[in-house]
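Enquirer: I have a structure here, written as structure tokens, and I will follow up with some questions on it.
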Amino acid sequence: METNAVIRLEDIHKVYQTGEVEVHAVRGVSLEIRRGEFVAIMGASGSGKSTLMNIIGCLDRSTRGRYLLDGTDVSELDRDELADIRNQKIGFVFQGFNLLSRTTALENAELPMLYTHRRLSGREQREHALKALELVGLAKRAHHHPNQLSGGQQQRVAIARALVNDPALLLADEPTGNLDSQTSIEIMGVFQRLNDQGITIVMVTHELDIAHYTKRNVIMRDGRIVQDVQVEKRLKADEELERLRREQQAVQLAP
Amino acid sequence: MRRVLAAFKIALRALFRNKTRAFLTMLGIICGVAAVITTVSLGQGAKAQIEAQIASLGQNVIQVGSGSVTRGGIHTGWGSAGTLTIEDAEAIQREIPGVVGVSPEVRTSGQVAAGNANWFTQVLGESADYFSIRQWPVALGEPFTEQDVRSVNKVAVIGATVADQLYPGEDPIGKVIRIRNAPFIVVGVLASKGFNMFGQDQDDVVVIPYTSAMKRLLGQTSLRSIIVQAAGPEIIALTQQQITELLRQRHRITPDRDDDFTVRTQQEIAERATEASETMRNLLAGVAAVSLIVGGIGIMNIMLVSVTERTREIGIRMAVGARGRDVMLQFLIEAVTLSAIGGALGILAGVGASKWLTYSQGWPTATPLGWILISVCCSAVVGILFGFYPARKASQLDPIEALRYE
Ligand SMILES: Nc1ncnc2c1ncn2[C@@H]1O[C@H](COP(=O)(O)OP(=O)(O)OP(=O)(O)O)[C@@H](O)[C@H]1O
Ligand SMILES: [Mg+2]
């Protein structure tokens, strides 16, 4: 009815109350994101990006405003209903990976399936998780623990976990914040492939070059959106990786 | 159901990861349950032993004591009132149909001597029925007879301990025993009965005809008590009632006044004896139960630490869709598993300790199945009760704050 917006924010505010001081982290954000979009939210540190992401991800509630996710008003749901939405509609990738440290990559990827209403046998769960790990190119490391994996590999596990319940929406808060540039581009390659398959992606980043891999850039300052543009010269991760590889070979061949 | 299963798996794995801590946490419950099981086993064993000894008093025995147990609110000593007479005993024998044996009883204690040896012991004046009522045969010689009683003969049947003390290495039959300086002839030695439930040596005794005791030793005409044997267990209550009626009539007690005697059945004696040991057992079990609660507090403490330590984990689980209920279940199952395993180990330890006490100390023990079930239930309840608060705390965490927790 109201267009095919996956996310529709209407005048969202978030005020943190820390003792006497009120921190107005988000001050009236209205935003619409449609199915199949790939959006980067950018802005200086402290501009409210993470706060907004947490609200979009149903991890946190707005102080004021309306948030429609797939047409349902999320602001009115209770804790359990929010948990179900996080489980079924949203995959969230954190800046700090947030993996369970003492369980394998495979078990980490299986985690969201423990809490679904879908009836899956242990074997089906395993198959789903393995497929998700394959999708991010990590099937071979399925039985490694997070501390045996590199940062990029850990982030891939986190992405696999976010994907395992086939969410319509993938959210990522600085997914490349802890990674070197080549690994970052590899992760962007994963995102671009997922986006091509029809998954809507919203991502926070403060790196301009990373934002060039997305389709739309939203810039925030002091809790408000100050700019909202489509990306014109979009980079393709595959091509960039190829170029990097050639450059590296050239360096090695030079002497 | 599937979510419960998943929660169970997660909880078990968490426990397994921290084996030392899990064991130490369980230790409280283990000790509590083991203490309960051991005390109850000891109590049960003591009770069984007391019952066996009460049974050894004889079968279908009714005791009539002079004086009422409580007269005007004052507790008077058993047999001290001097209200029973030989005629009362004869009347019971004569007039109550279900009575198969009667022994009028007097008691005294004093020095007995033979040759150079002497010994302080208890002297019972009884009838010839006494030995059959108490099912106490002689090992040597013969018991004295009704004729001896009637003729006030100076004959004695002595206990095994007295025989050992006065006639070491000799056959006492036919020898003289001087009871408070009055010479009696030993006609029999009783079979050994050992110690009774109060730790008294039952073989440290001399039994003589009650007539001889009253005339030659005590110079008294009243009896301490009358031991009556009924024909069968089914008529004990009736016989008890008939004795009461007969004695009230004989003692001319008007309906508005209390009895001046007391009629007790063996059943009542047994109940009184086990009452004390049961009180003791319950007290000890109560103390043990307190230690179970202490164990529960230990579990609560560790679970609280565990919730704090794993705040991030809880945040992650919630972020991917765990409801408060799922988290709560996970921690509750962890607590219950701790206490249930602790309970099971406690039962093993308790049963083991009881067996060891029997083996090394010779104390009788018996572990009642009911108490094992009670312990299992108690420890599970302790787990739920003390696990509930930490689990609820975990379930109420805010996902974002939990994720941000360092
Ligand atoms: N839990 C909180 N309590 C109080 N204030 C908070 C809380 N979380 C964030 N803030 C404040 O809200 C503002 C926005 O924070 P937010 O984390 O959204 O910024 P950000 O854009 O993600 O920054 P960065 O790029 O550094 O991650 C900041 O001023 C911050 O201090
Ligand atoms: Mg941030």
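Each value in this text was obtained by applying a stated rule to the coordinates, not by laboratory testing. Please read these numbers as outputs of a predicted model, since none were measured by experiment. All Cβ positions, glycine included, derive from the backbone under ideal geometry; neighbour counts span all protein chains shown.
Enquirer: If you take every DSSP beta bridge fully contained in chain B, what fraction is antiparallel? Give it as a percent rounded to 5.
Expert: Bridges in chain B are about 80 percent antiparallel.
Enquirer: Restricting to chain A, compute how many DSSP beta bridges are antiparallel as a %, nearest 5.
Expert: 55
Enquirer: Same structure, new question: List the lysines whose alpha-carbon lies under 17 Å from that of B:LYS9, not counting same-chain residues fewer than 8 positions away?
Expert: B:LYS19
Enquirer: Top mean-square fluctuation among A:ALA25, A:ALA211, A:ALA160, Gaussian network model of chain A, C-alpha springs under 10 Å?
Expert: Answer for the Gaussian network model of chain A: A:ALA25.
Enquirer: So, one more: Return the long-range amide H neighbours of A:PHE92 (sequence gap of 5 or more, or a different chain), with a cut-off of under 5 Å between placed amide H atoms.
Expert: HN-HN under 5 Å from A:PHE92: A:LEU171.
Enquirer: Just for the protein assembly as shown, what percent of DSSP beta bridges are antiparallel, to the closest 5? Walk me through the numbers on the way to the answer.
Expert: Details: 65 of 92 bridges.
Antiparallel: roughly 70 percent of the beta bridges in the protein assembly as shown.
Enquirer: Tell me, what HN-Hα J-couplings in whole Hz come from the Karplus equation 6.51 cos²θ - 1.76 cosθ + 1.60 at θ = phi - 60° for each residue of segment B:222-228, using x for Gly and Pro?
Expert: Calculated HN-Hα couplings, in order: 9, 9, 6, 7, 10, 9, 10 Hz.
Enquirer: To the nearest 20 debye, what is the magnitude of the charge dipole of segment B:84-259 about its Cα centre, counting +1 on the Cβ of each Lys and Arg and -1 on the Cβ of each Asp and Glu?
Expert: 540
Enquirer: Under 10 Å, Cα contacts only: if you run a Gaussian network model on chain A, which one of A:HIS206, A:HIS128, A:HIS24 comes out with the highest mean-square fluctuation?
Expert: Sorting by GNM fluctuation, first place goes to A:HIS24.
Enquirer: Something else about it: Long-range amide H contacts for B:VAL155: which residues qualify at under 5 Å (H placed 1.01 Å from N, peptide plane, sequence gap of 5 or more or a different chain)?
Expert: Excluding prolines and chain starts, which carry no amide H, the hits are B:ILE185.
Enquirer: In sequence order, what are the phi-derived ³J(HN,Hα) couplings for segment A:155-163 according to the Karplus relation 6.51 cos²θ - 1.76 cosθ + 1.60 with θ = phi - 60°, rounded to whole Hz, with x for glycine and proline?
Expert: With the stated coefficients, segment A:155-163 comes to 5, 5, 4, 4, 5, 4, 4, 5, 8 Hz.
Enquirer: Ok, one more. In terms of modelled amide H atoms, which long-range or inter-chain residues lie less than 5 Å from the amide H of A:ARG224?
Expert: For A:ARG224, the qualifying residues are A:ARG27.
Enquirer: Taking the convex hull of the alpha carbon atoms in chain B, what volume per residue do you get, in Å³?
Expert: Dividing the Cα hull volume of chain B by its residue count gives 205 Å³.
Enquirer: Convert each backbone phi in segment A:192-205 into a coupling constant with the Karplus relation 6.51 cos²θ - 1.76 cosθ + 1.60 (shift: θ = phi - 60°), then list the ³J(HN,Hα) values in order as whole Hz, x for Gly and Pro.
Expert: Once rounded to whole Hz, the list reads 5, 5, 4, 5, 4, 7, x, 7, 7, 10, 10, 9, 9, 7.
Enquirer: Also, quick follow-up: Give the cross-link partners of A:LYS236 among the lysines, using a straight C-alpha distance below 26 Å as the criterion and excluding same-chain residues fewer than 8 apart.
Expert: Hits, sequence-local ones excluded: A:LYS49, A:LYS131, A:LYS140, A:LYS215.
Enquirer: Using a Cα-Cα cut-off of under 26 Å, which lysines could be cross-linked to B:LYS215, ignoring same-chain neighbours fewer than 8 residues away?
Expert: List returned: B:LYS154, B:LYS175.
Enquirer: If one computes P(r) from the Cα atoms of segment B:337-404, what percent of pairs lie at distances over 19 Å?
Expert: Details: 1216 of 2278 pairs.
Value for segment B:337-404: 53 percent of Cα pairs lie more than 19 Å apart.
Enquirer: Here's a follow-up. Rounded to the nearest 500, what is chain A's calculated 222 nm mean residue ellipticity when only DSSP H runs of at least 4 contribute -39500 (n - 2.57) each, over all residues?
Expert: Value at 222 nm, helices only: -10500 deg cm²/dmol.
Enquirer: Arrange the following residues from fewest to most other Cβ atoms within 10 Å of their Cβ: A:SER30, B:SER375, A:SER50.
Expert: The most exposed by this proxy come first: A:SER30, A:SER50, B:SER375.
Enquirer: Something else now. Mind checking the alpha-carbon convex hull of segment A:36-195 and giving the volume per residue in Å³? Don't skip to the answer; put the middle values down first.
Expert: Values: hull volume 20.1 nm³, N = 160.
Roughly 126 Å³ of hull volume per residue.
Enquirer: Still on this structure, I have one more. Using Cα springs under 10 Å in a Gaussian network model of chain B, which residue among B:GLN49, B:GLN241, B:GLN267 shows the largest mean-square fluctuation?
Expert: Largest GNM mean-square fluctuation: B:GLN241.
Enquirer: May I pose another question? Report the semi-axes of the equivalent ellipsoid for segment B:84-259 in whole Å, largest first, where each axis is √(5λ) for an eigenvalue λ of the Cα gyration tensor.
Expert: Working: eigenvalues 200, 59, 41 Å².
One finds semi-axes of 32, 17, 14 Å for segment B:84-259.
Enquirer: Give me D for the protein assembly as shown in µm² s⁻¹, whole number, from Stokes-Einstein with Rh from the Kirkwood sum over alpha-carbon pairs, 4 °C and 1.567 mPa s.
Expert: The Stokes-Einstein estimate is 39 µm²/s.
Enquirer: Something else: Can you bin every Cα-Cα distance in segment B:279-405 into 10 Å intervals starting at zero and give me the percent of pairs per bin, rounded to whole numbers?
Expert: All Cα pairs considered, the percentages come to 13, 34, 24, 16, 9, 4, 0.
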